[in-house]
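One structure below.
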Amino acid sequence: MVEQKLIDPALIPAHVAIIMDGNGRWAQQKKRPRLYGHKVGVESVQEVVECAGELGVKVLTLYAFSSENWKRPGVEVNGLMGLLKSYLLSEISKMLKNRIRLVTIGDTEKLPQDVREVLEKTIAETADNDGLTLNLALSYGGRLEIVRAVREIAAEVLADDLSLDEINESLISNHLFTAALPEPDLLIRTGGEARLSNFLLWQASYAEIYFTDTMWPEFRRQSFLQAIAEYQRRERRFGRTSAQLGSG
Ligand code: FPP
């Protein structure tokens, strides 16, 4: 494993978030239906989850279904829901063995009942695991998440449970779906596009962003290790100067 040697175990990002883009285009290039791309994409999910766990990443967030993805043709939406369900059913034993904890962010009430049931069961069964937290963004949208937080905060103010000067960054963070998770250190987008697409808008403020042309079905262990190696070469200044950080 040549690439793995390039990884500094002391600088592993605690939270990696991934926009898994390019499944449809990858399949179309091969003259196959879009769903075939999603299906092969599940294999990339399996490899990346395994690799992240081995490296000691604490949280891996995968953008599996956005709030906008409901607008896709019914056959694709149903296909994605089916893949998600079968992934959960087939991975539960591996999750328990590798101590993976499953959580979700997003409007999961909108998911079909059968998918919700499997999700809830998997979340409950893995709740005490202390390895990688696998966070699936499902029916997730960053703006909707912020609107939801603002509504909750406004309701507390109206009820006189909160004063205006108590509203600060950490209060807002605590009203997001990700309240219990650290902010992402590294955000990866595959598939050649360079945008955030409504993903973790608040949380990604200081994340290192890594764009790659590799389509998600081809983004495997080596590609993930390359992204981590690139992250480790970058200098994160959080608005300070290099000199303040003691590195320049
Ligand atoms: C974007 O590719 C990808 C998605 C909308 C879904 C990603 C889902 C999976 C990889 C499978 C199910 C997930 C799990 C966690 C088991 P796209 O179709 O928008 O690609 P395109 O830009 O080429 O059209």
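The values are calculated or read from the model by the stated rules, or taken from the named source; none is laboratory data. Note that the structure is a prediction, hence the values are computed from the model and not measured. Because the Cβ atoms are built from the backbone with ideal geometry, glycine has one as well, and the counts that use them run over all protein chains shown.
Close contacts from region 118-136, counting a first residue that is among the acidic types (D, E) and a second that is assigned to a loop (DSSP other than H, G, I, E, B), with Cβ to Cβ under 6 Å and a gap of 6+ residues or different chains, come to D130/R99. Looking at region 88-100, can you tell me whether even one residue there is modelled with pLDDT of 95 or more, outside any loop (DSSP other than H, G, I, E, B) and in contact with a Leu (Cβ under 8 Å, 6 or more places away or on another chain)? Yes, region 88-100 has at least one match.
Here is a yes/no grid of residues against (1) basic (K, R); (2) assigned to a helix (DSSP H, G or I); (3) within 11 Å of the ligand (Cβ to nearest atom); (4) surrounded by 18 or more Cβ atoms within 10 Å (Cβ to Cβ):
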{"site": "A64", "(1), (2), (3), (4)": "no, no, yes, yes"}
{"site": "V75", "(1), (2), (3), (4)": "no, yes, no, no"}
{"site": "G79", "(1), (2), (3), (4)": "no, yes, yes, yes"}
{"site": "T104", "(1), (2), (3), (4)": "no, no, yes, yes"}
{"site": "E125", "(1), (2), (3), (4)": "no, yes, no, no"}
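Consider R236 carefully, then state whether it is modelled with pLDDT of 95 or more, basic (K, R) and either under 23 Å from D8 (Cβ atoms) or surrounded by fewer than 12 Cβ atoms within 10 Å (Cβ to Cβ) (or both). Answer is no for this residue.
Which of the residues that make up region 173-188 are surrounded by 15 or more Cβ atoms within 10 Å (Cβ to Cβ) and of a type outside the set (D, E)? Within region 173-188, S173, H175, L176, F177, T178, L181, P184, L186, L187, I188 qualify.
Please work out if G191 is surrounded by 11 or more Cβ atoms within 10 Å (Cβ to Cβ) and farther than 20 Å from K5 by Cα. Outline the logic, then answer.
Numbers: surrounded by 11 or more Cβ atoms within 10 Å (Cβ to Cβ): yes; farther than 20 Å from K5 by Cα: yes.
Against the criterion (surrounded by 11 or more Cβ atoms within 10 Å (Cβ to Cβ) and farther than 20 Å from K5 by Cα), G191 qualifies.
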